[in-house]
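Okay, structure first, notes after.
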Amino acid sequence: RIWSYIFYMAGIIIYLLTLIGVVVAYTHKAEAPDWLKSHYEFQIRTFWITLLLLIAGWMTMSMGGIGFLILATWAIWLIVRCVSAYKLLKTKTPHPDPTTLLF
């Protein structure tokens, strides 16, 4: 359950780990209880938003630091998103809004 969040945060350093995190979420979502399905949905959405931000960050890297700003913002966003969701996960609380862009 927690592994996807761990893989996503480690993905800040090794991007490929985010792919492992989303595979774990997609694989376990079908048989999970409802409260946990909301976390898997949140994790899957986190992956796709991450992918978009990484592409945008790397594509704009040569534009006077905009790419670095995007990547730094993504890293902070990802850590806050994963930690806040983990707090819900450890109390077996469903995520209140798994489709949110924020936390």
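The values are calculated or read from the model by the stated rules, or taken from the named source; none is laboratory data. Because the structure is a prediction, the values reported are computed rather than measured. Here the Cβ positions follow ideal geometry from the backbone for every residue, glycine too, while neighbour counts run over all protein chains shown. Ligands, DNA and RNA are excluded from the accessible area calculation, which covers all protein heavy atoms including side chains. Shrake-Rupley method; radii C 1.70, N 1.55, O 1.52, S 1.80 Å.
It is to be established whether one or more residues within the stretch 75-97 are more than 19 Å from Ile6 (Cα to Cα) and open to solvent by 20 Å² or more (accessible area, probe 1.4 Å).
Taking every residue of the stretch 75-97 in turn, at least one turns out to be more than 19 Å from Ile6 (Cα to Cα) and open to solvent by 20 Å² or more (accessible area, probe 1.4 Å).
Determine, yes or no, whether Arg1 is out of contact with any Phe, Trp or Tyr (no Cβ under 8 Å at 6 or more places or on another chain), in contact (Cβ under 8 Å) with a residue 60 or more places away in the chain, open to solvent by 20 Å² or more (accessible area, probe 1.4 Å) and of a type outside the set (A, V, I, L, M).
Numbers: out of contact with any Phe, Trp or Tyr (no Cβ under 8 Å at 6 or more places or on another chain): yes; in contact (Cβ under 8 Å) with a residue 60 or more places away in the chain: yes; open to solvent by 20 Å² or more (accessible area, probe 1.4 Å): yes; of a type outside the set (A, V, I, L, M): yes.
The answer is yes for Arg1.
Can you name the number of the only condition in (1) open to solvent by 80 Å² or more (accessible area, probe 1.4 Å); (2) assigned to a helix (DSSP H, G or I); (3) not small (Gly, Ala, Ser) that Leu101 fails?
Looking at each condition in turn, Leu101 falls short on (2).
Among His28, His39, which is the only one that is more than 19 Å from Arg81 (Cα to Cα) and in contact with a helix residue (DSSP H, G or I) (Cβ under 7 Å, 6 or more places away or on another chain)? Reasoning before the result, please.
Details: His39 fails: more than 19 Å from Arg81 (Cα to Cα).
None of the other options fit; the residue is His28.
Please identify the pairs in which a residue from the stretch 78-103 that is closer than 25 Å to Tyr15 by Cα has its Cβ atom under 7 Å from the Cβ atom of a residue that is open to solvent by 30 Å² or more (accessible area, probe 1.4 Å) and basic (Lys, Arg), counting only partners at least 6 apart or on another chain.
Leu89/Arg1; Pro98/Arg45; Thr99/Arg45
Which of the residues belonging to the stretch 6-28 are over 23 Å from Ile70 (Cα atoms) and open to solvent by 70 Å² or more (accessible area, probe 1.4 Å)?
Val23, Tyr26, Thr27, His28
Residues to consider are Ile55, Ile70, Ile76; find the one that is closer than 19 Å to Pro98 by Cα and not aromatic (Phe, Trp, Tyr). Outline the logic, then answer.
On the way: Ile55 fails: closer than 19 Å to Pro98 by Cα; Ile70 fails: closer than 19 Å to Pro98 by Cα.
Exactly one residue qualifies, and that residue is Ile76.
Just wondering, is there one or more residues in the stretch 31-39 that are assigned to a helix (DSSP H, G or I), surrounded by 15 or more Cβ atoms within 10 Å (Cβ to Cβ) and either touching a Phe, Trp or Tyr at 6+ places or on another chain (Cβ under 8 Å) or among the aliphatic types (A, V, I, L, M) (or both)?
The initial filter retains those residues of the stretch 31-39 that are assigned to a helix (DSSP H, G or I), namely 34-39.
So of that shortlist, the ones also surrounded by 15 or more Cβ atoms within 10 Å (Cβ to Cβ) come out as 36-39.
Applying the additional criterion that residues be either touching a Phe, Trp or Tyr at 6+ places or on another chain (Cβ under 8 Å) or among the aliphatic types (A, V, I, L, M) (or both) yields 36.
Looking through the stretch 31-39, at least one residue is assigned to a helix (DSSP H, G or I), surrounded by 15 or more Cβ atoms within 10 Å (Cβ to Cβ) and either touching a Phe, Trp or Tyr at 6+ places or on another chain (Cβ under 8 Å) or among the aliphatic types (A, V, I, L, M) (or both).
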